[in-house]
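To keep things clear, I will list the structure first and then write my remarks on it.
The values are calculated or read from the model by the stated rules, or taken from the named source; none is laboratory data. Owing to the predicted nature of the structure, the values given are computational and were not obtained by experimental measurement. All Cβ positions, even for glycine, are placed from backbone atoms using ideal geometry, and neighbour counts span all protein chains on display. Calculation scope for accessible area: heavy atoms of the full protein, side chains included, ligands and nucleic acids excluded. Shrake-Rupley method; radii C 1.70, N 1.55, O 1.52, S 1.80 Å.
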Number of protein chains: 2
Amino acid sequence: MTLSPNKFIGEYAYSIDAKSRVNIPARFRQALSVENEETFFTTRGFDACIYVIPAIVWQNMEMELSNLSSVSETNRSFIRNQTRHASPSTYDKQGRIKIPASLLEYAGIEKDVTIIGMINKIEIWNADRLAENDQNNLNLDSNSYDDLAGKIIL
Amino acid sequence: MTLSPNKFIGEYAYSIDAKSRVNIPARFRQALSVENEETFFTTRGFDACIYVIPAIVWQNMEMELSNLSSVSETNRSFIRNQTRHASPSTYDKQGRIKIPASLLEYAGIEKDVTIIGMINKIEIWNADRLAENDQNNLNLDSNSYDDLAGKIIL
DNA sequence: GAATGTTACCCACAATTACCCACTATCTTA
DNA sequence: TAAGATAGTGGGTAATTGTGGGTAACATTC
């Protein structure tokens, strides 16, 4: 998988308006416009947050899914789970995207959100819930990351 | 298999009217019109749902079926099951297709349906039955997807 | 041929969404 | 520091979407 310059990093505080729109940080938009891409896919995150995924990243996964045979029940179930909560959306002239109500509910978002750049995708959190999540992670054994040590060089 | 931009994703709630018509989500229609295609094939799904399959995908499957030797009884049975319940249909000006009564019965559909995009085809479920199916899948061994983990990067 | 039922096509309407414009605060640059 | 550009937020309007129903063409049955 060769991903171009979608490198999302950093943390930003925004709010969702009455029409379920959130701003995408200007820095992220610039990173995207490089490849003239204005379409995102929103879906459930593995944590209690919303994923916002650039089209090129999402389409790569779609391609992998489309190669799975539907004769297998496991495959069908997996595809269903991957696609059900996903939807495409483009941002408007002000750089906002509309978030489906079901995702807002899933992530417990009403107004204040924290947006986090996750390298090749974006996470949108309920600001309070993210703080709780941080708190829980403090309890992780300090060796939890050891397996990654071999993969991450820093 | 190289499939063009028929990428159906997401979950939608609709209802079937008195004339056995269901709406096809507007997003799906747009995906299809890219290749100027307005014909679907409806047939029984592997699960207790209805498949709505774009012509190009259907034709691809026909080709694969034609490569199965009829010497095998399993093959004969499989081919028979795939084709006998299938029929073509196009959508009307409002984007609805008519579902044959026999398929509605098979899927236990009376009114409320849930439509799920499955990348290259569409599933129509009795909304309640889908919920039951989800419940059953929770009982799947949590390692069921492990084989897929190596293929799907997200 | 009349009666019945089915199919395809058309119009209507409410609700939602997409698109556009406006305002303010912040950041840049000279 | 002044002035312009950019960023984030709010709201109005036109177009789209989902749904209901009417009607004419067609086939089927008695």
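Things worth noting here:
- Residue check, A:Y106 among the aromatic types (F, W, Y) and farther than 23 Å from A:V52 by Cα: no
- In region A:53-62 there is at least one residue matching the filter, namely being more than 16 Å from DNA strand C (Cβ to nearest atom) and part of a strand (DSSP E or B).
- Yes/no for A:S102 being open to solvent by 50 Å² or more (accessible area, probe 1.4 Å), assigned to a loop (DSSP other than H, G, I, E, B) and closer than 29 Å to B:T114 by Cβ: no
- Checking each residue in region A:123-133 for being touching a residue at least 24 places away in the same chain (Cβ under 8 Å), of a type in the set (A, V, I, L, M, F, W, C) and open to solvent by 20 Å² or more (accessible area, probe 1.4 Å) picks out only A:A127.
- Residues located in region B:79-111, provided they are more than 16 Å from DNA strand C (Cβ to nearest atom), away from every other protein chain (no Cβ under 14 Å) and modelled with pLDDT under 90: B:R80, B:T83, B:R84, B:E110, B:K111
- Screening the candidates A:E62, A:E73 for the property of being open to solvent by less than 20 Å² (accessible area, probe 1.4 Å), among the acidic types (D, E) and within 14 Å of chain B (Cβ to nearest Cβ) yields one hit, A:E62.
Okay, residues lined up against (1) more than 16 Å from DNA strand C (Cβ to nearest atom); (2) modelled with pLDDT under 85:
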site	(1), (2)
A:M1	yes, yes
A:F8	yes, no
A:Y12	no, no
A:K19	no, no
A:V22	no, no
A:A26	no, no
A:R44	yes, no
A:C49	yes, no
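- Qualifying positions in region A:109-122 - within 12 Å of A:V52 (Cβ to Cβ) and open to solvent by 10 Å² or more (accessible area, probe 1.4 Å): A:I116, A:G117, A:M118, A:N120, A:K121
- Among the residues of region A:82-91, at least one is open to solvent by 70 Å² or more (accessible area, probe 1.4 Å), outside any loop (DSSP other than H, G, I, E, B) and within 16 Å of DNA strand D (Cβ to nearest atom).
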